[in-house]
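Visitor: I have a structure here, written as structure tokens, and I will follow up with some questions on it.
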Amino acid sequence: MANPLLKIEDLHAAVQGKEILRGIDLAVGAGEVHAIMGPNGSGKSTLAGVLAGRDSYEVTAGRVTYAGQDLLEMAPEDRASAGVFLAFQYPVEIPGVGNLYFLRAALNAQRRQRGEEELDAADFLQLAKKRMKLLEMDDTLTRRAVNEGFSGGEKKRNEIFQMAMLEPKLAILDETDSGLDIDALKIVAQGVNALRDAQRAMLVITHYQRLLNYIVPDYVHVLSAGRIVKSGGKELALELEEKGYGWLEPEAAAAV
Amino acid sequence: MSAATLTAPPAPAVYTAPDAAYERAFAAIAARSGEPAALRQLRRSAFAQLQQRGFPTSKHEEYRQTNLAAVLQRSAFALPERPGAATLREAERAAQPGAAFGGPQLTFVDGHFTPELSRLKSLPAGVRAGALLAANDAGDDRLAPLGELADIGGENTMVAFNTAFFGDGAWIEIAPGAQVDAQIEIVHVATGGAGVATMAHPRHLILAGRGSRAKVVETYLSLNGAAHLTNAVTEIFVAENAELEHARLQQENTAAYHISAVHSRQAADSRLRLHALTFGGALTRNDVVTVLHGPGAEALLNGLYVAEGRQHVDNHTVLDHAEPRGASREYYRGILDGQATTAFRGRILVRPDAQHTDAVQSDKNLLLSSDCTANADPQLEIRADDVRCTHGATFGQIDEEALFYLRSRGVGAEMARHLLIFAFAAEALGRLNPSPLRTRLETELFSRWTGLTPPEGAEASGG
Ligand SMILES: Nc1ncnc2c1ncn2[C@@H]1O[C@H](COP(=O)(O)OP(=O)(O)O)[C@@H](O)[C@H]1O
Ligand SMILES: [Mg+2]
């Protein structure tokens, strides 16, 4: 890959002095879907947070290049305008801010930043209706405050709805499958798949292989103790499903 | 007499007597002819109470955070004359927010009822309204319930102060069964006297008949930046199964002193929604005393205070559950910035007869600077055994996770912060029933923090 959309090189990151990411290398090209799997606590959300600009992490070494820019230098809102989107593992409830108002403010802030014209109320609502249909979201959800009183599944669906509205170039989905029943999982996957195209890259983080039956990745990487310990094609996910993560733990690997 | 008594230090001054200027001002009122004898007698008793006790100092347990004596004695406030035509024209513009709603309106300028700025023609069916004092000329004894709830002999001597000095007020009676959709407005404008700080003592009486439903809004405004004092008292009687929503909106200038007392009594199965919305004032002290006086009564006390610079806001509430199966919801919240100071004291009294009371109280504070101070002091006094009563107070900064969430979607850091401040206030506004007032406040607060007008078609606050 000559010029990948996202290039992570030797990335190290720490939280409160504790090193969580211990040297990540990863290249993601436009149009590709990469799955990142790994046991709980391996650093998946930390990686997602560092990419989106969460400031509770300290990057101690390495580089991240996104569309030719130094991603780590950019403010979270500038990353968003440049096309980076994170679907949160734990979406935040924001009572007092309307869902649709928030989305329109976000979309128009991004458009302004990119020098594009803002969407007026009518065009925005039309787009929102289309996307709501795609995710089988009803009016009562989108008219409420952001995620307020939503069930776990509704929150995840709302994340993908936001993604569908904002049309990012790099979508990072952090355990979007957790807390979803099979029907909701199918709807969410269908929403994600509808957004797959040659321009868009996705980083699909999951603990379980199940999601990857519906969102079929091009590559699978296994994260363990802050490092990518194995990469492969979609078959790797099935192998993990069968054998678990134990055989890939660094200690186990070293012992072989 | 024991030695101990002889050597005991003098009790700290809990009250200080009003100075001579207030005596002279009262003498002028007492000499005034034309008021009914009963009212003149009530005023005299009230002033005697005030003289006997005086203004509360910070040595008084209920005024620890707010030394009213210091404010009231620094220099005496004067009772202003009825303003002239030019001032009234200016006041008319200030009173516009109310006018825009188009419903009935009673306007008071410097405490004087001002019919030319009021709208009392073609009142909605079931509504009678007018000036408390003017009404008496009609031979209708509207003053009879005055002071029944707001006792001139009580610890809160501001009630006696008001009773002695009040210029006028609104009298609103909702007929039994009347369903009134229009919002009834009481608008106060202080015009700021030349050279001398003025005072006004509005006195309102609201009677909601059995099974009626209505909305009343009191708004307090200043015409300019001059210091002035407002000391308002409102008495509210809610009959059986009536529903009344009452909002007090304080938007006076930041040099003003604003003192208020709202006393209400609810009969069986009535529903009262009281909103205390404080934005203005150098110093504000609001007292709310509501008695759930019949079984199954429900009360909502919804407070929002926004204070910055050196503003001080003190809210004291008493929820008196006197009868069984009462439910009260008390939600106060404040946004503090600069060196603002606020206090909240919420007393919940559950009397022995008030079994199956369900009371919830919370006070939440959003602290935007490191120099502001918020105090919360819940006081539960529960004398019945089968009750549910919870309370809590929080003091926090902007939620970092919410901030990151908004920014990760492309909203700039400043805007994200402002949206979250607005959101905190919007939750309180969300407890007002949908009304022109609520819409107006949402718009005003949204602009206050974001500098933008909220977009049409997408409700900024959701819901
Ligand atoms: N804010 C934090 N403070 C302290 N430790 C943290 C914080 N966030 C994550 N960690 C720790 O970092 C490690 C990786 O966490 P995370 O990235 O959430 O893992 P995953 O998403 O793979 O489950 C865990 O050991 C977790 O306890
Ligand atoms: Mg995680």
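The values are calculated or read from the model by the stated rules, or taken from the named source; none is laboratory data. This structure is a prediction, so every number in the text was calculated from the model and none was measured. No Cβ is skipped: glycine too gets one built from the backbone with ideal geometry, and neighbour counts run over all protein chains shown. Just so you know, the surface numbers come from the protein's heavy atoms only, side chains and all, with ligands and any DNA or RNA stripped out. Shrake-Rupley method; radii C 1.70, N 1.55, O 1.52, S 1.80 Å.
Visitor: Return the residues of region B:269-299 that are open to solvent by 20 Å² or more (accessible area, probe 1.4 Å) and over 24 Å from residue B:367 (Cα atoms); say none if nothing qualifies.
Guide: Listed by number, the residues that qualify are B:269, B:271, B:273, B:289, B:291, B:293, B:295, B:298.
Visitor: Report, by residue number, each residue of region A:60-74 that is part of a strand (DSSP E or B) and surrounded by 20 or more Cβ atoms within 10 Å (Cβ to Cβ).
Guide: If we filter region A:60-74 for residues that are part of a strand (DSSP E or B), which is where we start, we get A:60-66, A:69-70.
Those that are part of a strand (DSSP E or B) and surrounded by 20 or more Cβ atoms within 10 Å (Cβ to Cβ): A:64, A:66.
Visitor: Oh, and also: Consider region A:162-172. How many of its residues are more than 12 Å from every other protein chain (Cβ to nearest Cβ) and either in contact with a Pro (Cβ under 7 Å, 6 or more places away or on another chain) or closer than 18 Å to residue A:129 by Cα (or both)?
Guide: 1
Visitor: A further question follows. If you check residue A:13 against the conditions, is it within 15 Å of ligand 1 (Cβ to nearest atom) and either surrounded by fewer than 16 Cβ atoms within 10 Å (Cβ to Cβ) or part of a strand (DSSP E or B) (or both)?
Guide: Values: within 15 Å of ligand 1 (Cβ to nearest atom): yes; either surrounded by fewer than 16 Cβ atoms within 10 Å (Cβ to Cβ) or part of a strand (DSSP E or B) (or both): yes.
Yes, satisfied.
Visitor: While we're on this one: Restricting attention to region A:103-112, report how many residues are in contact (Cβ under 8 Å) with a residue 24 or more places away in the chain and either more than 7 Å from chain B (Cβ to nearest Cβ) or among the small types (Gly, Ala, Ser) (or both).
Guide: Counting residues in region A:103-112 that are in contact (Cβ under 8 Å) with a residue 24 or more places away in the chain and either more than 7 Å from chain B (Cβ to nearest Cβ) or among the small types (Gly, Ala, Ser) (or both) gives 4.
Visitor: For region B:209-307, which strands (runs of 3 or more DSSP E) that fit wholly inside it have 2 or more residues that are in contact with a His (Cβ under 6 Å, 6 or more places away or on another chain)?
Guide: Answer list for region B:209-307: B:213-222, B:228-238, B:243-251, B:257-266, B:283-292.
Visitor: Does region A:37-44 include one or more residues that are in contact with an Asp or Glu (Cβ under 6 Å, 6 or more places away or on another chain), within 16 Å of ligand 2 (Cβ to nearest atom), part of a loop (DSSP other than H, G, I, E, B) and open to solvent by 10 Å² or more (accessible area, probe 1.4 Å)?
Guide: Taking region A:37-44 and keeping what is in contact with an Asp or Glu (Cβ under 6 Å, 6 or more places away or on another chain), we get none.
Within region A:37-44, none of the residues are in contact with an Asp or Glu (Cβ under 6 Å, 6 or more places away or on another chain), within 16 Å of ligand 2 (Cβ to nearest atom), part of a loop (DSSP other than H, G, I, E, B) and open to solvent by 10 Å² or more (accessible area, probe 1.4 Å).
Visitor: Considering B:46, B:78, which residue is under 26 Å from residue B:113 (Cα atoms) and modelled with pLDDT of 95 or more? Reasoning before the result, please.
Guide: On the way: B:78 fails: modelled with pLDDT of 95 or more.
Of B:46, B:78, the one residue that is under 26 Å from residue B:113 (Cα atoms) and modelled with pLDDT of 95 or more is B:46.
Visitor: Something else: Out of B:367, B:420, I need the residue that is out of contact with any Lys or Arg (no Cβ under 8 Å at 6 or more places or on another chain) and either within 11 Å of chain A (Cβ to nearest Cβ) or closer than 18 Å to residue B:320 by Cβ (or both). Which one?
Guide: Numbers: B:367 fails: either within 11 Å of chain A (Cβ to nearest Cβ) or closer than 18 Å to residue B:320 by Cβ (or both).
Exactly one residue qualifies, and that residue is B:420.
Visitor: Here are some residues: A:168, A:95, A:91. Which one is within 16 Å of ligand 1 (Cβ to nearest atom), of a type outside the set (D, E, K, R) and touching a residue at least 40 places away in the same chain (Cβ under 8 Å)?
Guide: Exactly one residue qualifies, and that residue is A:91.
Visitor: Still on this structure, please answer the following. Looking at region A:116-131, which of its residues are in contact with a Leu (Cβ under 9 Å, 6 or more places away or on another chain), open to solvent by 40 Å² or more (accessible area, probe 1.4 Å) and within 9 Å of chain B (Cβ to nearest Cβ)?
Guide: A:125
Visitor: Still on this model: Within region B:38-79, can you find the residues that are in a loop (DSSP other than H, G, I, E, B) and more than 21 Å from residue B:379 (Cβ to Cβ)?
Guide: B:54, B:75, B:76, B:77, B:79
Visitor: Among residues belonging to region A:185-220 that are surrounded by 22 or more Cβ atoms within 10 Å (Cβ to Cβ) and assigned to a strand (DSSP E or B), point out the one that is nearest to ligand 2 (Cβ to nearest atom).
Guide: Among them, the one singled out is A:205.
Visitor: So residue B:247 clears everything in (1) open to solvent by 10 Å² or more (accessible area, probe 1.4 Å); (2) within 19 Å of the chain's Cα centre (by Cα) except one condition, right? Which one?
Guide: (1)
Visitor: Residue A:20 passes all but one of (1) part of a strand (DSSP E or B); (2) among the hydrophobic types (A, V, I, L, M, F, W, C); (3) more than 13 Å from ligand 1 (Cβ to nearest atom); (4) within 24 Å of residue A:219 (Cα to Cα); which number fails?
Guide: All conditions are met except number (3).
Visitor: Of the conditions (1) closer than 14 Å to residue B:217 by Cβ; (2) modelled with pLDDT of 90 or more; (3) aliphatic (A, V, I, L, M), residue B:109 satisfies every one except a single condition; which number is it?
Guide: Unmet condition: (1).
Visitor: Pull up region A:45-59, narrow it to residues that are open to solvent by less than 10 Å² (accessible area, probe 1.4 Å) and touching a residue at least 60 places away in the same chain (Cβ under 8 Å), then point me to the one that is farthest from residue A:223 (Cα to Cα).
Guide: Residues of region A:45-59 open to solvent by less than 10 Å² (accessible area, probe 1.4 Å): A:47-52.
Checking which are touching a residue at least 60 places away in the same chain (Cβ under 8 Å) leaves us with A:47-48, A:51-52.
Numbers: A:47: 10, A:48: 12, A:51: 16, A:52: 18 Å.
The selected residue is A:52.
Visitor: While we're here: Here are A:77, A:93: which of them is at the interface with chain B (Cβ under 10 Å from one of its Cβ atoms) and buried (at least 20 other Cβ atoms within 10 Å of the Cβ)?
Guide: Only one candidate qualifies: A:77.
Visitor: Suppose the filter is buried (at least 23 other Cβ atoms within 10 Å of the Cβ), more than 7 Å from chain B (Cβ to nearest Cβ) and either within 30 Å of residue A:15 (Cα to Cα) or more than 17 Å from the chain's Cα centre (by Cα) (or both); does residue A:87 pass it?
Guide: yes
Visitor: Suppose the filter is within 14 Å of ligand 1 (Cβ to nearest atom), of a type in the set (Asp, Glu) and either more than 7 Å from chain B (Cβ to nearest Cβ) or in contact with a helix residue (DSSP H, G or I) (Cβ under 7 Å, 6 or more places away or on another chain) (or both); does residue A:58 pass it?
Guide: Details: within 14 Å of ligand 1 (Cβ to nearest atom): yes; of a type in the set (Asp, Glu): yes; either more than 7 Å from chain B (Cβ to nearest Cβ) or in contact with a helix residue (DSSP H, G or I) (Cβ under 7 Å, 6 or more places away or on another chain) (or both): yes.
So residue A:58 fits the description; yes.
Visitor: Related question: Among the residues of region A:140-159, how many are within 13 Å of chain B (Cβ to nearest Cβ) and either among the polar types (S, T, N, Q) or at negative phi (or both)?
Guide: Total meeting the criteria: 13.
Visitor: Right, next: For region A:151-165, which residues satisfy the criterion of being more than 16 Å from ligand 2 (Cβ to nearest atom) and open to solvent by 10 Å² or more (accessible area, probe 1.4 Å)?
Guide: A:151, A:153, A:154, A:157, listed by residue number.
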